[in-house]
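Structure first, then comments.
The values are calculated or read from the model by the stated rules, or taken from the named source; none is laboratory data. Not measured: the values here are computed from a predicted model. Every residue, glycine among them, receives a Cβ derived from its backbone with ideal geometry; neighbour counts consider all protein chains shown.
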């Protein structure tokens, strides 16, 4: 059942990216200030690196191995471990399925979108960690972040209860 979440994340991620590209093909286009106060902005940008544009300066010949092949291997290992172990809780299984869905969504972009991963959600961050805005992201990115945090929390809380 959790892998239904994987499929839904991939589906909605790719549909939303296709919608952005079809309607606002030029990266750098400000699409909408959702609440008219700058908190949530829909803004078409492209990311040729990984999270937070890390690796943006890496030479092109190293991008395929680092941004496509390594993540595919990590996702395969995560899926294999998911099926081989019974150590995960119900919530952890759903979180892992969300991480895999988000990872696949961005890998699809890295393989099939020459201009990079489509990002379009920009949120005001009010100077926290020195950032006025959180780096622009997409559905796949948010799935990976939220599910990683959920997985981390569910791994930490039982340990604290045991102590």
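Take the conditions (1) in contact (Cβ under 8 Å) with a residue 40 or more places away in the chain; (2) surrounded by fewer than 16 Cβ atoms within 10 Å (Cβ to Cβ); (3) out of contact with any strand residue (DSSP E or B) (no Cβ under 9 Å at 6 or more places or on another chain); residue 112 misses just one of them, which is (1). Within the range 28-81, the set of residues being assigned to a helix (DSSP H, G or I) and within 16 Å of residue 121 (Cα to Cα) comprises 51, 52, 53. With respect to the stated conditions, residue 10 is farther than 19 Å from residue 122 by Cβ and modelled with pLDDT of 95 or more.
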